[in-house]
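Single-structure report; data block below.
The values are calculated or read from the model by the stated rules, or taken from the named source; none is laboratory data. As the structure is a computational prediction, the values presented were derived from the model and not from experiment. Because the Cβ atoms are built from the backbone with ideal geometry, glycine has one as well, and the counts that use them run over all protein chains shown. Protein only, heavy atoms only, side chains kept; ligands, DNA and RNA dropped before computing areas. Shrake-Rupley method; radii C 1.70, N 1.55, O 1.52, S 1.80 Å.
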Amino acid sequence: MGLLLTGQPRASALVRRRNGLDGRRRLAPVRASVTTPHSGYHFDGLPRRFFEGWYWKVQLPESGQSFALIYSIEDPLGNTPQAGVGLQVMGPDDGYICQFTPDVTGFWAERNRLALGATFKAGGSSYSNGSSASSSSSGSSWSAGGRGTTTGGGGGGPRRLLPAEDFFSAVELGFQASDTTQQGRMVAAESGTAGPPLSTVPNASWSLTIKPKAGWGSTSGPTQKATAGWLSVLPIFEPHWQVMMAHGEASGWLQWGGQRYEFTNAPAYAEKNWGGGFPSKWHWIQCNSFEGQPGLSVTAVGARRALLLGLQGVEEDVGLIGVHLPGGEFVELVPWNSELEWDVDPWGRWWLRAVSERYEALVEATCAPGAGTVLRAPTTSMGLAPFCKDTFFGQCRLQVWRRAGGTKQGPPLVDATSTTAALEVGGGPWWSAWRAKAEMKEPFRSLVTLPLDVAGLGQLVPEQLRPPGL
């Protein structure tokens, strides 16, 4: 689920240093070349409407099923009726389960790297949260008990990533997540969210490890890109969006009610959003499970997002098609280097086309009328509310051509199909097909093309002084 936003890659030296931050559990190393900017937690402590959400998808080739782990925090100060921690899982056969609590004190997240968790109900085992003094001095983490601390609140739950084998003893209900590991256990408990109960199973749990293979950008480059340039370091767009992992491999298990799924090296994908609320309207396609094309991944989106900086009520239609090729090449078709258009029905049909000087891409997808399930998303006024519809059973075709001299060059560089694409529409209302062209407004369209390397500058700035999230 997502919308265009902007930023620059994160420094690889700092990535390695964070893996052993303050004597806490050392995270499994992540290849610096596929770690994206905006992997950290963006909340700055100000008393304004704020959410951040994380989405991981895993496709299970042997069964043809998929599942997605969706974590969210709204108004971390706990100062509004919308405040709370949400845990949603979209499961096999487009199933669904949600657990929500208005108590934000059990949530924690790292400020400058991808690590987060929440405790809905603590377990009976003891564990150490490490030295709160050293954690506070680092300024690297957030909990509702105070900025830069790792103790307190949440029924005594952990405030750091635990070894997988310790998590389920320490946390009876809750989750933890990082670049390379995920654990969680939940029950259906939707009180506090908008809309009727939607869960199709009474409980779920999971444990998996992840090997990131592609972030957002060429895998041969020293750093990765923000999903749409450098401007996301500024409070311009609402909301922001970052693809964190265009392709990876996940191994582990999912317990979905009474059914257990085990998997090894299954295709995985991850992204996140943050800001005041989701776009007013959007559509989304993601697939990294193409037939006979391991490692090929496409993310295609169109959205109507708000502009901030005093531009009350001003919106723009933006979109992109991003293709990661199996050899590591990245095809990026965005509003400032391409002409992008789409034609998407309220449900069942997606069509996106983008043309730049070097590439042309066409993404077409369909699904059965009865496919899909309703998911919740953070909204400005209702909090976590039914706001989008997804399916894991999309029929998708991706075609990419090289271009030169204003024409296609030869046969397609890519012509691939899948029957397990993830498809989504959100916001609205959707009374008829949405036909539009991406039109990024000036001066932002020109500014985003400036060759500013925020990641390079970030290497010169101590971690404590860097903006939250970078």
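Key figures
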read-out: Residue in the stretch 210-230 that is closer than 15 Å to Val89 by Cα, in contact (Cβ under 8 Å) with a residue 24 or more places away in the chain and not in a strand (DSSP E or B) present; value: no
read-out: Given (1) open to solvent by less than 40 Å² (accessible area, probe 1.4 Å); (2) part of a loop (DSSP other than H, G, I, E, B), number of the condition Glu62 does not satisfy; value: (1)
read-out: Residues within the stretch 413-450 that are under 25 Å from Ala226 (Cβ atoms), of a type in the set (Gly, Ala, Ser) and under 25 Å from the mean Cα position of the chain (by Cα), tallied; value: 6
read-out: Enumerated strands (runs of 3 or more DSSP E) restricted to the stretch 125-207, each holding at least 3 residues that are modelled with pLDDT under 95 and open to solvent by less than 40 Å² (accessible area, probe 1.4 Å); value: 141-143
read-out: Selection from the stretch 249-293 of residues that are at pLDDT below 95 and not in a strand (DSSP E or B); value: Gly276, Gly277, Phe278, Pro279, Ser280
read-out: Tally, over the stretch 30-42, of residues that are assigned to a loop (DSSP other than H, G, I, E, B) and over 16 Å from the mean Cα position of the chain (by Cα); value: 2
read-out: Boolean, Ala188 is on the phi < 0 side of the Ramachandran plot and under 17 Å from the mean Cα position of the chain (by Cα); value: no
read-out: Any hit, the stretch 325-332, residues being open to solvent by 20 Å² or more (accessible area, probe 1.4 Å), of a type in the set (Gly, Ala, Ser) and in contact with an Asp or Glu (Cβ under 6 Å, 6 or more places away or on another chain); value: no
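Listed here are the residues, each with its yes/no results for (1) of a type outside the set (A, V, I, L, M, F, W, C); (2) in contact with a helix residue (DSSP H, G or I) (Cβ under 8 Å, 6 or more places away or on another chain); (3) surrounded by fewer than 19 Cβ atoms within 10 Å (Cβ to Cβ).
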| site | (1), (2), (3) |
| --- | --- |
| Leu234 | no, no, yes |
| Trp241 | no, no, no |
| Met244 | no, no, no |
| Ala250 | no, no, no |
| Ala266 | no, no, no |
| Tyr269 | yes, no, no |
| Lys272 | yes, no, no |
